[in-house]
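The values are calculated or read from the model by the stated rules, or taken from the named source; none is laboratory data. Small disclaimer: the values here were computed from a predicted structure and weren't measured. FYI the Cβ positions are ideal-geometry reconstructions off the backbone, even for glycines, and counts take in every protein chain you see.
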Amino acid sequence: MIKTSDLREKEVINVRDGTKLGLISDIEVNLKEGRIESIMIPGPGKILGLFGRNQDYIINWQNIVRIGSDVILVDLTQNLEESINYEE
């Protein structure tokens, strides 16, 4: 079992091209079913989630390939615009 606080300390990396997407800033949980639906990563240019105009990345749980001791590997297509939902 892994804690959500442990997830927030891991770097998220796309296995398709090795892109470092950043650290998890938030987690969306489905309370009815008791499972994680998606993870949220601050968009590029944001500092501590406070400054910047870019949108956050929302990555569905189905796109997570493996959770390691230091990283979370996600499988996203080459075009991140098609694979990631955005939230303002």
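Values for this structure:
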item	result
Complete set of residues in the stretch 1-12 that are crowded, with 17+ Cβ neighbours inside 10 Å and assigned to a loop (DSSP other than H, G, I, E, B)	K10
Near pairs, Cβ below 8 angstrom, 6+ apart or cross-chain, from the stretch 65-88 (within 20 Å of E28 (Cα to Cα) and part of a loop (DSSP other than H, G, I, E, B)) to any residue that is small (G, A, S) and at pLDDT below 80	L76/S83
